[in-house]
Structures are given as C-alpha cells and as structure tokens.
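A short write-up of the structure that comes next.
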Amino acid sequence: MIGLALLLAAVGMGTKFATGWLAARRAGIGRSGRARAGAALIPRGEFNIVIAGLAVAAGAHASLGPLAAAYVLILAIVAPLAARVVEPLLYRHRQAVPG
C-alpha cells in the first residue's frame with residue numbers, strides 16, 4: 001500500500017507543480033517565480049483524508065482510509081522540503097548554465 005501512496009503522491013506533486021509553473025508563466029513571472037509557485041501548490045488541497053473517511057464510513061473498501069492517510073503524510077513531509085530546496089536548485093542551475 002505504501003508503494004501506491006508514493007505513486008499517488010508523486011503524481012499529485014508533479015501535477016500541482018506543473019499547474020503552479022504554468023499559471024505563473026501565463027502571468028509573465030520569471031523562472032524562479034514559476035518554480036516557487038509550483039512548489040507552493042504542493043501541500044494545497046489535501047482534504048483527501050476527509051473524503052476517504054467518508055467513503056470508508058459509507059462502506060467503501062477499508063484500505064482507502066490508510067491509503068489516503070499515507071498519501072497526506074507523504075505530502076506533509078515532502079512539500080515543505082520541496083519549497084525549501086527550489087531556490088538553491090534554481091541557483092545551482094543558473095550557475096551551471098552559461099548565458
């Protein structure tokens with residue numbers, strides 16, 4: 001089950017980052033601002049555990065609750081780290097790429 005939670009978390013983080021990046025690009029924001037916007041969206045909208053709790057209470061598959069809890073826990077740990085490392089990664093990238 002943890003493997004599925006990791007997969008769901010990776011997909012969720014990727015799509016949230018892409019959404020923030022594209023929205024910031026559309027607004028004319030530079031690359032570092034786009035990356036910050038994408039990283040800032042990663043921990044947002046995680047009410048999945050509430051929905052899973054309602055589904056389990058309604059008789060859905062019993063493993064849905066622990067899966068949602070693992071997903072939210074993974075994002076709760078990874079999201080602040082992603083927000084913290086986005087700037088240093090961009091700085092290193094700028095230093096490595098001339099021009």
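Listing for the model above:
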quantity: Residues of region 54-71 with amide N under 20 Å of the 7 Å Cα→Cβ point at T19; calculated: 68-71
quantity: Full-stretch length increase - I51, V85 - with 0.36 nm per residue and alpha-carbon distance subtracted; calculated: 9.2 nm
quantity: Entry for Rg and Dmax of the Cα atoms in Å (calculated from the structure that is shown) out of [x] 13.4, 48; [y] 15.6, 57; [z] 16.5, 59; calculated: [z]
quantity: Sequence ranges 75-83, 59-67, ranked by mean other-Cβ count within 10 angstrom, highest first; calculated: 75-83, 59-67
quantity: In degrees, nearest ten, helix 2-26 long axis to first principal axis of the chain (Cα); calculated: 40 degrees
quantity: Contact order relative to length of the chain, as percent, for alpha carbon pairs under 8 angstrom and 6 or more apart; calculated: 32 percent
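Coordinate-derived values only; no laboratory data. Here the structure is a predicted model, which is why all the values come from computation and not from measurement. With ideal geometry, Cβ positions are generated from the backbone for all residues, glycine too; neighbour counts draw on all protein chains shown.
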